[in-house]
Amino acid sequence: MQFLEAPAAMSDSTVDSVQPRRGGPVPGSERSVAQSGRVTIRDVARAAGVSRQTVTRAINDMSEISQETRQRVLETVEELGYRPNRFAIDLSRQRTHAVGLIVRTFLNPYYAQLADAFISELRRRDWQVVVSTAEQGEAEAVRSMASQADAIIGYFVRPQEEFAAAARGVPIVQLEQRATIPGVHSIELDFRTGITDLVAALRAKGAQRFAMIDASSADSGSAAVGSPRRGFFEEAVGAPCPVVTEPETIAGGVNGFRRLLAQDPEIDTVLAFNDLMAMGAVQGAHTLGVDVPGAVRIVGIDGISLGEAISPTLTTLSLETHAVAAEAASILAELFASEPMPSASITRAVTPVVLWRESA
């Protein structure tokens, strides 16, 4: 799935003479490409033995160059994996940066809310926005997005080397996980602090017997170890507590709540991996005749506005989507302002905060 504002096609009216290549690529050109990371039009021109304007004409099927030169340039483009710089294209049309956002799926309303926050922030900066999902696979989504955007922001669970290779030099800002390789930057969500603060506040409200509905998807962690959110929760609680794993859906929350009560009927506080599962837990409590929050407090993680549509309204650990979008945009602004773009990873942190409603 993809939504985009397509940039205009590149044009170049500057006349420039063809510089024939003699004896293949200029010595050392391959090394300069490897060192720079992202292949540039200069790299293509150097390897093909022509000017930058000639590369532009060849790519855009313009006149004033021979068919032989055009073919040589296009073969070099393919060989080096060159992707025309979308920012340069847009400048020729008085346009600005194009930024791609990749989310896992829109079946979870959290990602729709996140996309809305990014669209608002990026448009505020007069940047174009291209939105897509990773349902066809992360590498494929990144590869497709890299042909349309100057930078990519997204949720990725595969090894960073995989999606960085698919980006072919386009800078990436990864959400939630810390970047560890050059060319990949990150917005790290400080779940340790957020969950620790949440547990402390719940204890102050009288919570004593904690339990969790964790996610069972491969993206969220192995069944034996669980998600990082589970690890921080168990660390904050400081004692063994019941944990069940379920799919990241409302139905998963319903079933998870029933399983927790079967394990320990005395639990009084349940944390769910996300808001959808927490909403399911509230529904499960209603079905079983369990009062929320009188008998059991239920808390989600995400901060989606849909949590206000259930009764009781859902208390949640908000992931602060607008802060995430603002921090990611600030990283991109720093990258776009640098020539060349720095490859060293930039990481900014956002701490989730409790959004108190009626369920806890």
Sort out for me the strands (runs of 3 or more DSSP E) sitting completely within the stretch 247-360 that have 1 or more residues that are more than 30 Å from I181 (Cβ to Cβ). 269-272, 297-302, 315-318, 353-355
Here are some residues: V254, V237. Which one is more than 25 Å from L189 (Cα to Cα), of a type in the set (A, V, I, L, M) and crowded, with 16+ Cβ neighbours inside 10 Å? V254
Pick out, from the stretch 97-174, the strands (runs of 3 or more DSSP E) lying fully within it that include 2 or more residues that are modelled with pLDDT of 95 or more. 98-103, 151-154
Which residues, taken from the stretch 120-131, are surrounded by fewer than 17 Cβ atoms within 10 Å (Cβ to Cβ) and either acidic (D, E) or farther than 18 Å from L335 by Cα (or both)? S120, D126
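In the stretch 175-210, which residues are in a helix (DSSP H, G or I) and surrounded by 20 or more Cβ atoms within 10 Å (Cβ to Cβ)?
Once the filter is applied, which keeps residues that are in a helix (DSSP H, G or I) and surrounded by 20 or more Cβ atoms within 10 Å (Cβ to Cβ), the stretch 175-210 yields F191, G194, I195, L198, V199, L202.
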Could you figure out which of (1) at negative phi; (2) touching a residue at least 60 places away in the same chain (Cβ under 8 Å) isn't true of S330? (2)
Restricting to the stretch 161-174, and then to whatever is crowded, with 22+ Cβ neighbours inside 10 Å and not hydrophobic (A, V, I, L, M, F, W, C), can you tell me which residue is farthest from P228 (Cα to Cα)? P171
So, E266, is that one more than 27 Å from R192 (Cβ to Cβ), charged (D, E, K, R) and not assigned by TED's automatic domain parsing to the domain that holds R42 or not? yes
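Table: residues versus (1) crowded, with 20+ Cβ neighbours inside 10 Å; (2) among the hydroxyl-bearing types (S, T, Y).
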site	(1), (2)
P293	yes, no
I301	yes, no
I304	yes, no
G307	yes, no
P312	no, no
L332	yes, no
S338	no, yes
W356	no, no
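Specify which of the listed residues (A349, A325) is farther than 14 Å from H97 by Cα, exposed (fewer than 15 other Cβ atoms within 10 Å of the Cβ), touching a residue at least 24 places away in the same chain (Cβ under 8 Å) and not charged (D, E, K, R).
Residue meeting the stated conditions: A349.
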Filter the stretch 132-160 down to the residues that are among the hydrophobic types (A, V, I, L, M, F, W, C), crowded, with 21+ Cβ neighbours inside 10 Å and either under 12 Å from V103 (Cβ atoms) or free of Cβ contacts under 8 Å to residues at least 40 places away in the same chain (or both) and list them by number. A134, A141, M145, I152, I153, F156
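The values are calculated or read from the model by the stated rules, or taken from the named source; none is laboratory data. The structure presented is a predicted model; accordingly, all values stated were derived computationally and were not measured. Neighbour counts are summed over all protein chains in view; Cβ atoms, including those assigned to glycine, are modelled from backbone coordinates with ideal geometry.
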